[in-house]
Amino acid sequence: GPLSERRLMDVKLGELPAWLATCDVSPQGLLAGVRKAWGSYYDKYINVKRGGPAGISMLLAGYCLLSYGWNYQHISKISFLGSV
Amino acid sequence: MNLSFFDQFTSPCLMGIPLTLISLMFPPLLFPSPKNRWLTNRLSTLQSWLLHLITKQLMTPLNQKGHKWALILTSLMMLLLTINLLGLLPYTFTPTTQLSMNMALAFPLWLATLLTGLRNQPSASLGHLLPEGTPTPLIPALILIETISLLIRPLALGVRLTANLTAGHLLIQLISTATIALLPIIPSISILTTMILLLLTILEVAVAMIQAYVFVLLLSLYLQENI
């Protein structure tokens, strides 16, 4: 179909900048995008018949990584432990 | 730059933008809202079970008028529980280690219970300042003591939560630093410290849940006296 209506996974690598240009980057558009992403993650990994700890664990692991990234500048300055 | 053990409690900041709001708003996102289905997924079922347990536990001692507080007390409980437990993951920031946040939660809610009591049943709520059966000569002193005890409640609520969580996080950081520092020197002592660290982590999980429960329970107790 037309470029603007394809999902991210269906866009070829060469078409990526063009696809990004068609995105809606207003606050409502970004919020709708975040909501859609959360909805697809939720439906794929958590909202299943026999779910387990995996769905939430991936989310929490991602949160840990994000927090590490946020604190990196601070952690990297600790001198006595070698490298981080 | 010298390492200070209190550095883990600084509010997260990315290139000058404070991220406190994001870290405060992340825990509520972990709770999926119940859809219009009879059989939901396991996470929603667990969540509903937990919510029923908490609401029943908090609302049983309260009278009919107190049930208006069900929503705020239960959501406060879920928020504190999630924030405390998420803070035990590595590299995360716990908003409840900040005294400002806990006082912002404790003070308005305590004041609301106090004003509810003073507005609706002033003599009964002031009557709580004097326990039944006190000997007459002790009455003035006891009223003074009970008033101070009443006024110190919000401070106690906030500081209790802050101190417990801050102390726990500090202990974990100290002991893990000791473990890593001892590893090249005396590995056996390092293993001992690792055992202590494991036990401490279990304790911290328990403390996280208990402190959230105690906070909300005390608020519901203050409500029972005044409503």
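A few notes on this one:
- Region B:79-95 - residue that is away from every other protein chain (no Cβ under 13 Å) and open to solvent by 20 Å² or more (accessible area, probe 1.4 Å) and, of those, farthest from B:Ser23 (Cα to Cα): B:Leu81
- Given (1) of a type in the set (Gly, Ala, Ser); (2) part of a helix (DSSP H, G or I); (3) without any contact (Cβ under 8 Å) to a residue 60 or more places away in the chain, index of the condition B:Gly117 fails: (3)
- Residue count for region B:50-104 under the criterion of being in a helix (DSSP H, G or I) and polar (S, T, N, Q): the result is 11.
- Selection over region B:32-58 of residues that are within 11 Å of chain A (Cβ to nearest Cβ) and open to solvent by 60 Å² or more (accessible area, probe 1.4 Å) gives a count of 7.
- Condition met for A:Val48 (aliphatic (A, V, I, L, M), open to solvent by 60 Å² or more (accessible area, probe 1.4 Å), assigned to a loop (DSSP other than H, G, I, E, B) and farther than 21 Å from B:Leu86 by Cα): no
- Index of the failed condition, A:Ile78 passing every other in (1) closer than 30 Å to B:Phe6 by Cβ; (2) open to solvent by less than 50 Å² (accessible area, probe 1.4 Å); (3) part of a helix (DSSP H, G or I); (4) of a type outside the set (D, E, K, R): (3)
- Filter result for A:Met9 (more than 29 Å from B:Leu14 (Cα to Cα) and within 17 Å of the chain's Cα centre (by Cα)): yes
- Taking each residue of region A:66-84 that is more than 9 Å from chain B (Cβ to nearest Cβ) and over 18 Å from B:Phe93 (Cα atoms) and looking for partners that are open to solvent by 90 Å² or more (accessible area, probe 1.4 Å) and at pLDDT 80 or above with beta-carbon atoms closer than 9 Å, six or more apart or interchain, yields A:Val84/A:Tyr72.
- Scanning region B:132-162 for residues that are touching a residue at least 60 places away in the same chain (Cβ under 8 Å) and open to solvent by 50 Å² or more (accessible area, probe 1.4 Å) yields a single hit, B:Val159.
The values are calculated or read from the model by the stated rules, or taken from the named source; none is laboratory data. Note that this is a predicted model, so its numbers are computed, not measured. Cβ: placed from backbone, ideal geometry, glycine included. Neighbour counts: every protein chain shown. Each accessible area value is taken on the protein alone, full model and side chains, heavy atoms only, with ligands, DNA and RNA left out. Shrake-Rupley method; radii C 1.70, N 1.55, O 1.52, S 1.80 Å.
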